[in-house]
Every structure is written in structure tokens, then in C-alpha cells.
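To start, the structure under review is shown below, and the notes come after it.
Values in this text are rule-based calculations from the coordinates and carry no lab data. All of these numbers come straight from a predicted model, not from anything done at the bench. Virtual Cβ from ideal backbone geometry, glycine too; neighbours counted across all protein chains shown.
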Amino acid sequence: MDNIVEVRDLCVTFKTSEGSVYAVSNVNLDLAEGKTLALLGESGSGKSVTMKSLMRLHPPHKTQITGSIQVAGRDVLALGNRELSDMRGKDIAMVFQEPMLAFDPVFKVGDQIAEVVMRHEGCSYEAGRDRALEMMECVHIPSPRKRLDAYPHEMSGGMRQRAMIALALACRPTVLLADEPTTALDATVQIQVLLLLRELQREFGMSMIFVTHDVGVAIEVADEIAVMYGGRIVEQGPVDEVMTDPWHPYTQGLLGATVYPNMDPATRLVSIPGAPPQLYRQITECAFAPRCPHATDECHDPLPPPTQTDQRMARCIRLPEVAGALPRASV
Amino acid sequence: MQTTPKSANALKAADGGKIATKSRGYWATVWLSLSRDPISIVCASILVLLVLIAILAPAIAPYSPSQGAMVDRLLPIGSPGHPLGTDELGRDMLTRLMYGGRMSLLMGILPVFVAFAIGTSLGLMAGFFGGWVNTLVMRTTDVFFAFPAVLLAIAISGALGPGLGNSMFALTLVFIPPIARVAESVTTRVRLLDFVDAARASGANSLTIVRVHVFNNVMGVVFIYATSLVSVCMILAAGLSFLGLGVKPPTAEWGLMLNTLRQSIYVQPWVSVLPGFMIFTTSLCFNLLSDGLRGAMDLKR
């Protein structure tokens, strides 16, 4: 099997007191073994929700998930509670955005890593600690033996995120989910963590799904990219193609609002006017149309069908004319 | 992939002996920080002393707690043979205070301890599972909150009749709701933190999450709260005995002693306030110790 993750027609709906929230609609994703997929989009576009669905981390009685999710040959939506928690952390692991909050403050970091290893491999505490030490070395934490006995608040932000990665990788997962792992870090640490993730991915041969709102980060780590807007994927394809020749007006807008190396200091960054849509109703037209510079009347009609080529996909009815219409010189 | 012994050894060599300091465990850290606080140390020492005296009372008390001599009634503090004087029936006050400590400490600590166990479990359940479990538990505790603690204790032990067991039961019942409420509110907050999601994402089931992650984060807060309740409980227990709802005479108990010595307050005021002084000292020590503990258990400070 070449695809380690296959998501088909995924819809996630949350039931709240104010009605249903259609957080994710009709998402299709494929991830080949050893590759990295970046989910790119702004806050509320459904990227984190999509990723958490892969592990079914949403509160079950408030969430409705339809479609199909296959991870490492298993149908995630059909798993029982027991099999589900056996799979989490073992086959598919997650790195959280805020490493301070993702560690339990009352336990030592080493013990928390050991706990996961003991849970999945049924080994002794000592073996778990040995693995924790080995993982701390893998993620280049200085004097790892000492850090095993540190509490989360005794570490710096970058080191905590490294420890978080150590924890996620402790059981050699085949798929790693990273939920904006660099957002809470400052710029110099960000790049170190990105490079580390890439290095470890190569070393362990895992596949990775990387959620980010930072175009630069996506370009840095990803092989494939999926741009999300309003709970749908609006554009999808290999990262170098999408980033050099974006088809969808939203992707074009994102790129137009990004700084890049060697850019002319006089260039104005173009912002996308308006705000992302509320998802309290099922959006059946192009969600981006109200903000789109190319929108015409027919854009407010039914949902644009995906325009599909071999490797790429984009949802825009005006695609032929719009594609390549970057707001400024190409990246 | 397992760590081979070889690589582990290589690691030890690389780390050298320098970083061999295994960092302290949680309780060791708490203890260290507590031992640097002079107030906590003084309070803890007084409490340990009181507990020791109470346990050893039969061995070290100079007289029998229930036998007195009518000729020696209400001797002042500092009388020969009776350093703290005698009560209205001529019994030695020092002896009575030692024995009284057994009852008073027992009635102060045991109900809170039992209420701590039950209240924390209820609060954890209510907070973690939410929904109708939460509604059921928390609304039931609300009913108890409708009455002031003192009134509730008096009502329950009054309904059950006087006696040690009954008054302890009443006190336990009084302290379950506040402990459950504190545990519930902390649990609700902890449950929504990222590390609960992170634990779930690493394969922990609900039971493990409650037992390990939520419990250990809730424990500290509730424990501190419960220590502060011990003093309240002692005063309530003394109050029940004072009203004749707790232990029965001639058992020595500080609250009861305060009651029976009440009539002698114009004859021997200093002897009469001794039991009250003991209650005051003990509850103050528990309060200050719980304060010190709160500071010490806050690891981030």
C-alpha cells in the first residue's frame, strides 16, 4: 500500500448550544509513506479539526464525523475505544502547539515519556526511562540524563518542544501529526525545531501531517500542500508547484501577503480584505467569493467542482482565467 | 528498538559523574521548601508534639483523667502537684488536657480525612464526566450548602443522638460538599487543558487520564483546602461537645471541658480558658501549616 493516510469525503460537525458548526466539509487527503503534507490556512479554516479527526480526539458526543479515514490500513472511524487508544501514540502520534500546556506540570518529563513507552510496549519502568533518555538524545536536548528528571516548567520553550517531539516519537509512530509545532516558539528556535523534525522524519521514515498558517514554514517542510478555507480544501498539490504557480485566488492572496527572501523592500504586501466565514451553516457556494478579487455573480452559485489534474486540485469555477493571476510578481 | 547496554554505558561515560545528581522527587521538593519556612516548622513541631502527647497520654499523664478529689476542686495554675490546676470536680487539668487532645484531634482530623477521600472522588467524577453525573453530584451538594455548616452539624448529630461516632459522621457529612465542590471546579479546569488531550493522543484511556493526570493535578489543591478544614472541624467538634452532642462526660474532650468549666469562670478564669487555648493553638497551627503547604506545593514559584 503506498498511501499511509487516506481521507475520503471527511465532514466534521460540532453540535453546540448555538446550533451546528460545520467545521470541515468534504475533505480528501492522501499521504504517501515517508512524505510530508502541510495543511495551510488561517485560524478557523478547519485544519486542526481535520488533523484531530485522524486520531478521533474530538469529544465524541458533541462531534459528528462522516466519511472515511484510513491510517496505516485501519479504518479509524470503525475502531472501538480500546483499539483506538492502542493506536494513538503507537501508530499515529501528535506534537502539540503549546508545549507548556501539553506536558502534565506535576510529572517529570522523563517519566511522561516513559509512561507512553510502558503503555504501548508493556515494558518495565527502567526500560521506559532508557527509551526516554535515548529519545532525548535523538532530539538533541543538552545533558539529556539530567533533563529526564526536570519538570516541564524547568525547561525553556524550545527545549520543551523538543521533549514533546521526543514523547511523540518514543514509540516509533508511522504517522506524525504536528499541530503548529513552531507557532509558540520564537523565530530562531522555530527553524531549529523545523530542521529537527525534518531530520527525524528522514531518520525514522515516518509520514508527517503538518498544520500551519505560516507559508514559509509550509515551504520549508512539506512535499505536498493542501490549502484550507472555510472547512474545505481549496487547493492541493506538490508544494513547489502550488507555491510557484498558485491556481486558487485564496492561495494567491496568501502568497501575496507573505514576505520572502530577497524581496524588494519597497513592495507592499497585499492583504486579503474581509474576514473568514462563519461556519454556523453549511456553505454551499464558494466560501471565498465574498473576499475574492475575481468574484463574479456565478461564484455565489453552487459549490465549484474541483478542477483536477494528475497531481493538483483546485476549487474555483473561474480557474482558467484566474490561475497565474498573482497580485504581484511570482515567488 | 531497545537501548543496548553498550550505548547506555557509553552515555554514562559521556555524561560523567558530574551530572549524577538525580533531581529530587515531588514530595522531597515540597518538604525542602517547607523546611525553609520557619512558621511552618514551628507549627508542625507543635502539632507533632500535641499528637505525641495525645498518643502517649496513658503513659505520661500524672493522674487518672476521671478520678478527682473533691477537696482539691478548682485549684489555681501552679498549685503543688497540679501544675495546671484542677477542674470543678478536682481532676488534674494537665491530665485532662492530655487525654482531651486524643478526642479533639481525632474528631478534627478523621472526619476531614474521610470527607477528603469521598469528596475528592465525587468531585473528580463530576468534573471529568460532566453532563448528568455533574448535575446529580453538584446539585446534591448544593442542597447541603443551603444550611450553614454549624447548623448542619448540629442538626445531623442532634437527629442521630449524642455520641462520638454520630458526631464524627455528622462532621464528615458536613465537609463532603465543600471538598467535592473544590475538587469539581479544579477538575473541570484541568480536564480542558492541553495535556489531557496530549495524554489521550498518546494512547491513555479515560481511566488512566483521571487516575494519573487529573487526580495528581487536583490532589494538591484539594489537599491544601482539606488541611485548612481541619481547624474548622476541630472547632465544630468542640462546639458539638460543648452543646452536649459530641462525647459524653466524663470523657475528656476540650470542647466538653470548656463547657463544664464555664460555670467556674469567675472563680478560676485562667484554668477555665485552658481548653479553649488548646483548641485555639491547634487550629491556628493547622491553618498556618496549610498556608505554608500551599506555598511549598506550588512548584512554579
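Taking the 0 to 90 degree range and rounding to the nearest ten, how far is the long axis of helix B:93-129 tilted relative to the main principal axis of chain B, both from C-alpha atoms? So the inclination is approximately 30 degrees.
Just to verify a number: FRET efficiency for B:TRP270 and A:SER156, C-beta to C-beta distance, R0 = 60 Å, to 0.05? The calculated FRET efficiency here is 0.50.
With both labels modelled 7 Å from their Cα along Cα-to-Cβ, the A:ALA32 to A:TYR280 distance reads 4.4 nm. Rounded to the nearest 20 debye, the dipole magnitude of region A:99-172 is 180 debye, with +1 charges on Lys and Arg beta carbons, -1 on Asp and Glu beta carbons, and the Cα centre as origin. Here's how it looks for A:ARG232: its modeled amide H is under 5 Å from those of A:SER25, which are all 5 or more places away or on a different chain.
With the cut-off at 1.5 for a/c, could you classify region A:204-331 from its C-alpha gyration tensor as rounded, prolate or oblate? Oblate shape, in that a/c is at least 1.5 and b/c is the bigger or equal ratio.
Under 19 Å from a point placed 7 Å out from the Cα of B:THR281 along the Cα-to-Cβ direction: which residues of region B:105-122 have their backbone N that close? Counting backbone N atoms under 19 Å from the label point, the list is B:105-109.
Each of A:TYR280, A:TYR250 was scored by other Cβ atoms within 10 Å of its Cβ. Listed from fewest to most, they are A:TYR280, A:TYR250. Of all complete DSSP H helices in chain A, those with a Cα span along the helix axis of 15 Å or greater and a mean Kyte-Doolittle hydropathy of -1.0 or more are A:109-121, A:125-138, A:157-169, A:187-204. Projected label points at A:LEU269 and B:ILE39, each 7 Å from Cα along the beta carbon direction, are separated by 5.1 nanometres. Of the residues B:GLY220, B:SER202, B:PHE129, the one whose Cα sits farthest toward the positive end of the charge dipole of chain B, with +1 on the Cβ of Lys and Arg and -1 on the Cβ of Asp and Glu, is B:SER202. Unpaired Cys in chain B, meaning no second Cys C-beta under 4.7 Å: B:CYS233.
Given their separation in residues at 0.36 nm each and the Cα-Cα distance between them, B:SER206 and B:THR29 gain 60.8 nm when the chain is fully extended.
For the pair A:THR16 and B:ASP142, label points projected 7 Å from Cα toward Cβ lie 2.5 nm apart. Along region A:313-321 the Karplus relation, 6.51 cos²θ - 1.76 cosθ + 1.60 evaluated at θ = phi - 60°, assigns HN-Hα couplings of 9, 8, 10, 7, 6, 9, 3, x, 6 Hz to successive residues, with x for each Gly and Pro.
Once you order the gyration tensor axes a ≥ b ≥ c over the Cα atoms, which shape class does region A:99-172 get: rounded for a/c under 1.5, otherwise prolate or oblate by comparing a/b with b/c? Verdict is prolate for region A:99-172.
Total lysine pairs in chain A at Cα distances under 24 Å, for residues eight or more apart or on different chains: 12. Between amide H atoms placed 1.01 Å from N, distances below 5 Å from B:SER79 occur with B:GLY85, all of them 5 or more places distant or on a separate chain. Which FRET efficiency, nearest 0.05, do B:ARG189 and B:LYS248 yield, Cβ-Cβ r, R0 56 Å? Once the sixth-power term is evaluated, E becomes 0.80. The residues A:THR251, A:THR309, B:THR260, when put in order of fewest to most other Cβ atoms within 10 Å, stand as A:THR309, B:THR260, A:THR251.
Under the rule a/c < 1.5 gives rounded, and otherwise a/b versus b/c splits prolate from oblate, where does chain B land using the Cα gyration tensor? In terms of gyration-tensor shape, oblate.
For an R0 of 56 angstrom, estimate the FRET efficiency from the Cβ-Cβ distance between A:THR244 and A:ASN81 and round to the nearest 0.05. Once the sixth-power term is evaluated, E becomes 0.80. Counting only alpha carbon atoms, the long axis of helix B:215-242 and the longest principal axis of chain B meet at about 10°.
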